[in-house]
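Here, each number is a calculation from the coordinates, and none is a lab measurement. Given the structure is predicted, the values throughout are model-derived calculations rather than measurements. With ideal geometry, Cβ positions are generated from the backbone for all residues, glycine too; neighbour counts draw on all protein chains shown.
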Amino acid sequence: MAKDPKVLDEVTILFAGDSGDGIQLTGNQFSDNTALYGNDLSTFPDFPAEIRAPLGTVEGVSGFQIHFGTREIFSPGDKCDVLVAMNAAAFKKNFRRLKPRGTIIVNTSGFDKRNLKLAHYPEDAEPLEGLEGYQLTKMDVTKLTREALKDIKLGTKEKDRCKNMFVLGYVYWMYNRTLESTIDFLTSKFKNKTDILEANVASLKAGFHFGDTLETFRSRYEVRPAAMPPGEYRNVMGNQATVLGLVAAAEKSNLPLFYGSYPITPASDILHQLSSYRDFGVKTFQAEDEIAAIGAAIGASFGGHLAVTASSGPGIALKGEAIGLALMLELPLVIVNVQRGGPSTGLPTKTEQADLFQAMYGRNGEAPVPVVAAHSPTDCFDAVFQATKLAIEHMTPVFFLSDGYIANGAEPWRFPKSDELEKISPRFADLPAKENETFLPYERDENGVRPWSIPGMKGLEHRVGGLEKEDGSGNVSYDPDNHEKMVKLRQEKVDKIADFIPEQSLDQGPETGDVLIVGWGSTYGTIKIAVNEMLEEGYSVAHAQIRYLNPFPKNLGEILKSYKKVLVPEINNGQLVKILRAEYLVDAQPLNKIKGVPFEAAEIKNAVLEILKS
Amino acid sequence: MSESNTANKLSPKDFSSDQDVRWCPGCGDYSILKQVQTIMPEIGVPREDIVFISGIGCSSRFPYYMNTFGMHSIHGRATTIASGLKAVRPELSVWIITGDGDSLSIGGNHLIHLLRRNFNVNILLFNNQIYGLTKGQYSPTSEQGKRTKSTPHGSLDHPFNPLALCMGADATFVSRTMDRDPKQLRSVLMQANQHKGTSLVEIYQNCNVFNDGTFARFTDKRTKEESTIFIEDGKPLIFDQGKRGIVLDGFNPKIVDMEGRSADDLWIHDVNDRVKAEILTRFFEDPSDETALPRPFGVFYQEDRPCYEEMLEQQVKEAEDRSSNRNLDQLLRGNRTWWAE
Ligand code: SF4
């Protein structure tokens, strides 16, 4: 008879194996199941840059980390409680991420001589020995899976592809779950391949029952549902939320969406998903290069559509000149940058926040562009929606910054109802009252915003271009005073946006005190955990996460000056910190990590302790 | 957008903007501007539905002089902007104004991709075989050995044959005309406008400041007849005031004397014949060579192929028909949700 499972508050599991082992699918399945079970959660996939890196090597290891709990979860977790390793390489790469006395589940068939060699273990190494103090569960997954599927008519290769389901079944057993969500998923995925469906389900069940057979000496756990704010939830990944935010903004502005893009990691998923929304009138265009992608978007914006282009750092670099054009044309355009490790090709599958300067300053001439950054997977929805609203209502290109960490991470989302979303109001030009009235395409309203007049509007024919414009008429002008005036007007228009964005709020902590931690983007969850803990420990620490990076919220300076010290953690070599210092003359201190991976809460806590001493 | 076909009532003057034209006096661009303005009232499109988009270069100032919607964009990218505009607004009449540097050097990649996608736009490629706006460097169509400011020892680059390049990119309308022959220019422009798909019009344009007379052989009265051939669908390839013609010997074009020969024996131009059009684009020898084949002007090739924007509209329509109950709330909910109490 089953013992009562041990109740835990939160758990972090890291699934790791060859990139061909189906680790991402396993992780996603476990996430869905966890979400449906009612836990709060946060996930982080970590895949190799090569599509099919050599089998069995450390370079080829794919990982998926999930942190779930009864309490609110803010990040995918630093160290893990459970490491599931499908082979020696996966074990070697990730063992250091396991907590002391953690649980290890290994597939012993991935630890044979060949695998040990591929993982570059020394000749006589026995990595699974000497792990006293850890809870080690060994299973020969290959053998067990083949055994479970012996009555199914499939080749060995196909059977071995079901190994991940065996392991998943076992982990479901461990956490006292049911198999339904995954069986449903498999049923719809393999609806036309009954034998493969049967094999996967059999393997999943075998893994689950294998738990029962081990039961006498293995514990089961339960992480009870979290007390989440009431409402209906779904799981969402950052890139998905970005897509939904864009489609929502298109609906709320009543503008059809055009998306011009060129494939690049980690932004391509946005293109994939948007291209399946033709039924929402979404037109996606896979261009010949990054420049053509933004060029087409500018053309669509000129034509009166909601135009979006997305890329990652290197692609954004290519778009630079065209962003300048959009700014001169004063047309709405959303530029999504899913940041990755740079410079140059850098670390395509790793995360970094090093394109803030690029977004702020990466163009020729005086070229201010508003910048909005998302701080979590679900926040991508709200942030990109707001970025789009600013672009449309203020007739300007706007940068929306996400990064690899939140783009691929997932968490539960209490999705909004469409009628709760704000309306977005395009500033279309009025048709001229009189036949021969001259239309002034660059006549601004009180917010410095020019009217959007699009082909087809009779009487509003006009010419725009990248050459400096005469104020009002938009005609080409080389007049020195006019140029200075126009540079200032374009700057003022962006500065004015500060009147339309919310004031900066504190995430938590006292309104004045010893240390303010200022973050932006994906560092949010980790900073929150660190600050949470330090507040409990009695420190005077507060946290502000900045979404609107250009222009800054009007009260930001005041907040910065309400603390003795300001610490700015960033996954870069110090960018926001320099802007804050320049803008507000505060002695903000940097905390930088440039390893392609997120901060751990402990690193932030240590930095705060350090700064408190100084 | 607008329903009434007011274009009929307009005159060429209505298509001229209030901006002073700023090309050098004597520049071939003037003639092209004039002919474009002349045909505008005849194309049957309301003025507000016409858009001129250019890149950078002398010719790219063109949109400022047209009283239509227009955009003077960035170097080489007019093609990309036109693609996006056409993708979302298929009903517009979109004209791309570009030069040899703009479309064949910095924008070369975009040009070939536009051609293969076959958006229904017209490209007017002003070829003057020089960089004019930057004051006289050789261009990708300059003849090899050309001495310019950037090539005092003569250029080393083998030049592009623009029309052969466009044929290679599966263009559906390929043509050539010149600034100095307004009638022929107008006729080609009209045909380009009528073609559904990307219409490529190469226009030999004299830059009288930096490359004066580079096409003189084709435009001067004294040499024009012997060095050019005007091709028309269904008509024999005949030139030099009817004195000479072209026959095809296998795949080899040959000049023949017309004395004692019927025009029926000549190569009869067929705009739908891809292979022959490709041969025609190879009539590209150095015109100063006495034995050179005459340079063809007119429509080389035309093909009906679905346009990108049409197919895109079709996909959207089909998707919308399939899921009649699409709504944002469903999309936001996704496939699997749960409730927290
Ligand atoms: S430089 Fe040449 S092409 Fe340019 S405007 Fe002058 S004559 Fe015309």
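3J(HN,Hα) couplings calculated from phi for region A:12-20 with the Karplus curve 6.51 cos²θ - 1.76 cosθ + 1.60 (θ = phi - 60°) are, in sequence order, 10, 10, 10, 8, 9, x, 5, 5, x Hz; Gly and Pro show x. Distances between placed amide hydrogens fall under 5 Å for A:Thr137 paired with A:Ile104, A:Ile105, A:Val106, all partners being 5 or more residues away or on another chain. Close amide-amide hydrogen proximity is noted between A:Gln508 and A:His543, each under 5 Å apart and 5 or more residues distant or on a separate chain (H modeled in the peptide plane; Pro and chain starts excluded). For region B:3-214, the dipole from Cβ point charges (+1 on Lys and Arg, -1 on Asp and Glu) about the Cα centre works out to 160 debye, to the nearest 20. In this calculation the C-beta distance from A:Asp481 to A:Leu55 is compared with R0 = 45 Å, giving a FRET efficiency of 0.10.
Using a simple spin-label model with pseudo-atoms 7 Å out from Cα toward Cβ, A:Lys554 and B:Arg261 lie 8.4 nm apart. A cut-off of 5 Å between modelled amide H atoms, ignoring neighbours fewer than 5 places along the same chain, links B:Met178 with B:Leu185, B:Tyr204. Across region B:21-37, computed HN-Hα scalar couplings (Karplus, 6.51 cos²θ - 1.76 cosθ + 1.60, θ = phi - 60°) run 7, 10, 6, 4, x, x, 5, x, 4, 4, 5, 5, 4, 4, 5, 5, 4 Hz from first to last residue, x flagging Gly and Pro. In region A:6-223, Cα pairs under 8 Å separated by at least six residues give a relative contact order of 21 percent.
Among A:Lys92/A:Lys528; A:Lys283/B:Lys317; A:Lys564/A:Lys595; A:Lys113/A:Lys143, which pairs are too far apart, with a Cα-Cα distance over 19 Å? List each step's numbers first, then the result.
Values: A:Lys92/A:Lys528 30 Å; A:Lys283/B:Lys317 11 Å; A:Lys564/A:Lys595 29 Å; A:Lys113/A:Lys143 16 Å.
From A:Lys92/A:Lys528; A:Lys283/B:Lys317; A:Lys564/A:Lys595; A:Lys113/A:Lys143, over 19 Å: A:Lys92/A:Lys528; A:Lys564/A:Lys595.
First measure r as the distance between the Cβ atoms of A:Leu8 and B:Glu320, then evaluate 1/(1 + (r/R0)^6) with R0 = 45 Å and state the FRET efficiency to the nearest 0.05.
Working: r = 48 Å, r/R0 = 1.07.
Using R0 = 45 Å, I get an efficiency of 0.40.
From the alpha carbon centroid of region A:500-567 to that of region A:94-147 is 43 Å. Annotation note: trypsin sites (Lys or Arg not before Pro) in region A:183-235 located in DSSP loop regions with a Cβ neighbour count of at most 10 within 10 Å are A:Lys191.
With R₀ fixed at 51 Å, the C-beta to C-beta distance from A:Gln508 to B:Asn161 puts the FRET efficiency at about 0.15. Look at A:Val384, A:Val247 and count the other Cβ atoms within 10 Å of each Cβ; fewest to most, that gives A:Val247, A:Val384.
Summed over qualifying helices (DSSP H, 4 residues or more, each -39500 (n - 2.57)) and divided by its residue number, chain A shows a 222 nm mean residue ellipticity of -11000 deg cm²/dmol.
Report, to the nearest 10°, how far helix B:308-322 tilts away from the longest principal axis of the Cα atoms in chain B, using its own Cα long axis and a range of 0 to 90°. Between the helix axis and the principal axis of chain B, the angle is about 20 degrees. The distance linking region A:345-392 with region B:140-206 is 41 Å (Cα centroid to Cα centroid, whole angstrom).
Each 20 Å bin from zero up to the one holding the largest Cα-Cα distance in chain A carries the following percent of pairs: 19, 48, 27, 6, 0.
Ordering B:Met190, A:Val7, A:Leu489 by Cα displacement along the dipole of the protein assembly as shown toward the positive end leaves A:Val7 in first place; charges were set at the Cβ atoms of Lys, Arg (+1) and Asp, Glu (-1). A Gaussian network model of chain B, with springs between Cα atoms under 10 Å, assigns the largest mean-square fluctuation among B:Ser142, B:Ser262, B:Ser16 to B:Ser262.
Normalised by the number of residues in chain A, what is the relative contact order in percent for Cα pairs under 8 Å and 6+ residues apart?
Working: 1332 pairs, mean separation 69.1, N = 614.
Here the relative contact order equals 11 percent.
Using a 7 Å offset from Cα along Cα-Cβ at A:Leu214, what residues in region A:70-101 end up with backbone N under 15 Å from the label point? Counting only backbone N, you get A:82-87.
Among A:Thr108, A:Thr438, what is the fewest-to-most ranking by other Cβ atoms within 10 Å?
Numbers: A:Thr108 17, A:Thr438 11.
Starting with the residue having the fewest Cβ neighbours, the order is A:Thr438, A:Thr108.
Can you list the HN-Hα couplings for region A:477-484, worked out from phi with the Karplus curve (6.51, -1.76, 1.60; θ = phi - 60°), rounded to whole Hz and with x for Gly and Pro? Going residue by residue, I get 9, 9, 5, x, 5, 4, 4, 4 Hz, with x marking Gly and Pro. What whole number of Å gives the distance from the Cα centroid of region B:5-48 to the Cα centroid of region B:243-318? Centre-to-centre distance over Cα atoms comes out at 30 Å.
Of B:His195, B:His110, the sequence from fewest to most neighbouring Cβ atoms within 10 angstrom is B:His195, B:His110.
Calculated mean residue ellipticity, 222 nm, chain B: -7500 deg cm²/dmol, from DSSP H runs (n ≥ 4) at -39500 (n - 2.57) each, averaged per residue and rounded to 500.
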